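Since the structure comes first, as structure tokens, the remarks are kept for the end.
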There are 2 protein chains.
Amino acid sequence: MTANLFADLPTALPDELVQVLAAAPGVCIERIVSHGHASPPGFWYDQDQHEWIVVLKGAARLKFEDVEIEMHPGDFVTIPAHTRHRVEWTTPDVPTVWLAVFYRE
Amino acid sequence: MTANLFADLPTALPDELVQVLAAAPGVCIERIVSHGHASPPGFWYDQDQHEWIVVLKGAARLKFEDVEIEMHPGDFVTIPAHTRHRVEWTTPDVPTVWLAVFYRE
């Protein structure tokens, strides 16, 4: 009945691993596992949905047009729709586990 | 810009502490801190919204009409709307930190 956010963490990942944990029309809850991944050079996310995101393991640097933030376990941030951002860095030695909630107004 | 889910954990709590981290029509993301709290005897939650919930610190036992589950950090479960449930127990010695996402179809 339950599952665990920290279970089945892959040891090698060619790409980020995105898994939908729950979804309904207007909301999507995802576990994202990064392993040294960053957004491709010059790539910026520009999403129709708001995103609330927390780092639960590992660490990451998230870049916005005007600021870059470093996130450690428990750190969360809300990214309003169409706020351009990119993942600048995630820990190369251990997986970074994110929990993301995408939602609409 | 960021805040941390594990910051400002109160050391003594007369009641569960519920904080809304993000909200929009149809979705609400909350941090809930319990400290030995349980639902009152005979009380069952019966919600109009679906609830996705994860324990991030501490531990808890969640009771449904047909089953009781014990949850440890990382364990998550989806509780469909109108699925009766109650919190049977949370760790009395350390705070239990939950992250809950309430959402509608």
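The values are calculated or read from the model by the stated rules, or taken from the named source; none is laboratory data. In this text, all values refer to a predicted model and were calculated from it rather than measured experimentally. For neighbour counting, all protein chains shown are included, and Cβ atoms are generated from backbone atoms with ideal geometry for every residue, glycine included. Keep in mind that these areas ignore ligands, DNA and RNA; they rest on the heavy atoms of the full protein, side chains included. Shrake-Rupley method; radii C 1.70, N 1.55, O 1.52, S 1.80 Å.
Could you tell me the relative contact order of chain B? Use alpha-carbon pairs under 8 Å, at least six residues apart, and round to a whole percent.
Working: 237 pairs, mean separation 36.3, N = 105.
Relative contact order, chain B: 35 percent.
For the protein assembly as shown, what is the charge dipole size about the Cα centre, in debye to the nearest 20, if Lys and Arg each add +1 at the Cβ and Asp and Glu each add -1 at the Cβ? Walk me through the numbers on the way to the answer.
Numbers: 14 positive and 30 negative charges, 19 e Å.
The dipole magnitude comes to about 100 debye.
Please state, as a whole number in µm²/s, the translational diffusion coefficient that the Stokes-Einstein equation yields for the protein assembly as shown at 20 °C and 1.002 mPa s, with Rh defined as the Kirkwood radius across alpha carbon pairs. Show your work: numbers first, answer last.
Working: Rh = 17.9 Å.
So the translational diffusion coefficient is about 120 µm²/s.
Computing the accessible area with a 1.4 Å probe over protein heavy atoms, can you report the carbon and sulfur percentage for the stretch B:29-69?
Working: 830 of 1760 Å².
After summing per-atom areas, the C and S share lands at 47 percent.
Every other copy gets compared here: list the nm distances from the A:GLU68 label point (7 Å along Cα to Cβ) to its counterparts, shortest first, one decimal.
5.1
Say a label goes 7 Å from Cα toward Cβ at B:ASP15 in every copy; what distances in nm does this one have to the rest, shortest first?
Label point to label point, same position, other copies: 4.8 nm.
Please report the equivalent ellipsoid semi-axes of chain A, computed as sqrt(5 x eigenvalue) of the Cα gyration tensor, largest first, in whole Å. Don't skip to the end; give the middle numbers.
Numbers: eigenvalues 80, 71, 28 Å².
Value: 20, 19, 12 Å, ordered largest first.
Pop out the ³J(HN,Hα) list for the stretch A:36-41 in order, Karplus 6.51 cos²θ - 1.76 cosθ + 1.60 with θ = phi - 60°, rounded to Hz; leave Gly and Pro as x.
x, 6, 9, 5, x, x
How big is the dipole moment of the stretch B:33-105 about its Cα centre under a simple scheme where the beta carbon of each Lys and Arg is +1, that of each Asp and Glu is -1, and everything else is neutral? Debye, nearest 20, please.
Details: 6 positive and 11 negative charges, 38 e Å.
The dipole of the stretch B:33-105 has a size of about 180 debye.
Sorted from shortest, what are the nm distances separating the label point of B:PHE43 from equivalent points in the other copies, each placed 7 Å from Cα along Cα to C-beta?
4.7
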